[in-house]
Each structure stands twice: as structure tokens, then as C-alpha cells.
Amino acid sequence: METPESIKLAEIHPFFALSPQARRGFQVKLAGAVILFNLLAIGLAVGLGWYGLPIFSLWISLSIIAPFFDVPSLIKQGQLRLYSSMFLIQHPEKDPVIMHGGTLLEYYFALDRSLPASQRTSWILLQYIRGLLAFLEDVDRKGWHSKKLKGTSYILNERTAQKIGLNPTKLDFGQTFILWFNLPNMMVAYSLSKGKLRFPPLWRVRSFEGNMLEISKNKARLELLAQGLERRLRKG
């Protein structure tokens, strides 16, 4: 039986609009493809003497496959909460609250690839802002104004971040390491956002932090930013 939470997820994210059987079927096929990929790598390693190849192929495949299993599991456990198709909050009940942009799961299932490549970044940023606005509704409803919001991103620039009440802070080493470790994953996601094979600009990674109360005061500005992005997308 569908719960209100599962219905809301289905409205936000195409993956969760699939039936449980379809979701499991997709994951089984993906796991099978990864196993085959690594068996081929082992075969090449044995045949050609490239014994480091299986380690390399395992790193690539695990990085790419992980979000398709981890994100649904963490959402089910309540450790991640989806507020838009490209905006997630980690441990929403804790302080500080950690925000995340979309993972490869979101880029694969939710990114509107009918958009020209030049507009996809605007669409992604619009989903960030819509997600943040939805999260701020929870902040108001649950009285979380004393909490802090933190995040690490290469998409969000300092100017936009400051407009919504987020200030640059010392680079979060843990989050930065995770981004670099997931380079294959990030490369596929970034290439989908650009419509061609591209290396993600991880040298632009920045960490941000802001007080929920101050961010909440910027709701009107966030709405204006969202409206501007919507107009840009309509104009094509």
C-alpha cells in the first residue's frame, strides 16, 4: 500500500514513480552489467598481464552503481530526504543539516534530457532552489531556525550562494574527498548535464554554511531566482 511519503516521492522523482518490481528489476540488470564488466576486466588482466585493471574497473563500476542502490536505501531509512528531483537533505533532524545536489540516480532518471544542453544547468539550479524552498517549509513548520545548513558543491557559485544566505567556509575535506573518489560517477552525471562527454570542474568545489533563520529570510529572493530561471527555460 502506498504511503503519503511514497506518493510524494513518486511526484518528485521518476525512479520512485516506478513500481517496486520495476525498481528492483532495474537494479538487478545494472548489477548484472557491472559484474559482466568486471569479469571482462579480469579476463583482459589475465590475458594481457594488466593486473591493475580489475582494481581500476572495480573503482569505476562501484562509483557509478552506488547511487542507484544507496540513495533509495538511505531515503527508505530516513537518512536522506528528497525535496526536489535534484536536492537532498542528509539527516534532516540533526544539526548541522547537510544538503546535497542530485546524484547519478537523479541525473539518469530525473534530468530533462529533452532540454538543449545549454539549458540543463539552469534546470538543475532551478531544482536546487525549488528543493531548498520546500525544505524551508519544513524548517518553518518544525521550528528548525536555530540549525545550520552546510553543503559542498561545484555547481553552486559563491555569488548565488550568498544571495540565498550561504557563506563560503573552510573546504569540507570529507565531502571533497567523497567527490573526488566518486570521479567516474561525477563525470557521467556532469556529461549528462552538458549533453556530451565532459570532465566535472571539481577544482571549483566550494563549501558553504548558513543559519536557517537567515536563509529563511531570503525566501522572497529564492522565489524570484526560481521565477527568473523558469522564464529562461520557457524562452529556450
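The values are calculated or read from the model by the stated rules, or taken from the named source; none is laboratory data. Computed from a predicted structure; not experimentally measured. Note: ideal-geometry Cβ built from the backbone for every residue, glycine included; neighbour counts use all protein chains shown. The area values use the complete protein model at the heavy-atom level, side chains included, leaving out ligands, DNA and RNA. Shrake-Rupley method; radii C 1.70, N 1.55, O 1.52, S 1.80 Å.
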Quiz item: List pairs: first in segment 168-190 and within 21 Å of R120 (Cα to Cα) and buried (at least 19 other Cβ atoms within 10 Å of the Cβ), second of a type outside the set (V, I, T) and at pLDDT below 80, Cβ under 8 Å, 6+ apart or cross-chain?
Solution: M186/L179
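Tell me, please, whether a residue that is modelled with pLDDT of 90 or more, within 23 Å of E93 (Cα to Cα) and out of contact with any Pro (no Cβ under 9 Å at 6 or more places or on another chain) can be found in segment 158-165. Step through it out loud before you land on a result.
To start, the set of residues in segment 158-165 that are modelled with pLDDT of 90 or more comprises none.
Within segment 158-165, not a single residue is modelled with pLDDT of 90 or more, within 23 Å of E93 (Cα to Cα) and out of contact with any Pro (no Cβ under 9 Å at 6 or more places or on another chain).
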Quiz item: Applying the selection to segment 97-115, what residues are modelled with pLDDT of 90 or more, part of a loop (DSSP other than H, G, I, E, B) and open to solvent by 50 Å² or more (accessible area, probe 1.4 Å)?
Solution: none
Quiz item: P168 fails exactly one of the following numbered conditions: (1) assigned to a strand (DSSP E or B); (2) within 16 Å of H13 (Cβ to Cβ). What is the number of that condition?
Solution: (2)
Quiz item: So is V71 of a type outside the set (D, E), in contact with a Lys or Arg (Cβ under 9 Å, 6 or more places away or on another chain) and either free of Cβ contacts under 8 Å to residues at least 40 places away in the same chain or under 19 Å from Q175 (Cα atoms) (or both) or not?
Solution: no
Practice problem: Mind listing whichever residues of segment 204-236 are more than 18 Å from the chain's Cα centre (by Cα), open to solvent by 40 Å² or more (accessible area, probe 1.4 Å) and without any contact (Cβ under 8 Å) to a residue 60 or more places away in the chain? | Solution: E214, K217, A220, R221, L224, Q227, R231, R234, K235
Quiz item: In segment 126-149, which residues are surrounded by 19 or more Cβ atoms within 10 Å (Cβ to Cβ) and free of Cβ contacts under 8 Å to residues at least 60 places away in the same chain?
Solution: Q127, Y128, G131, F135
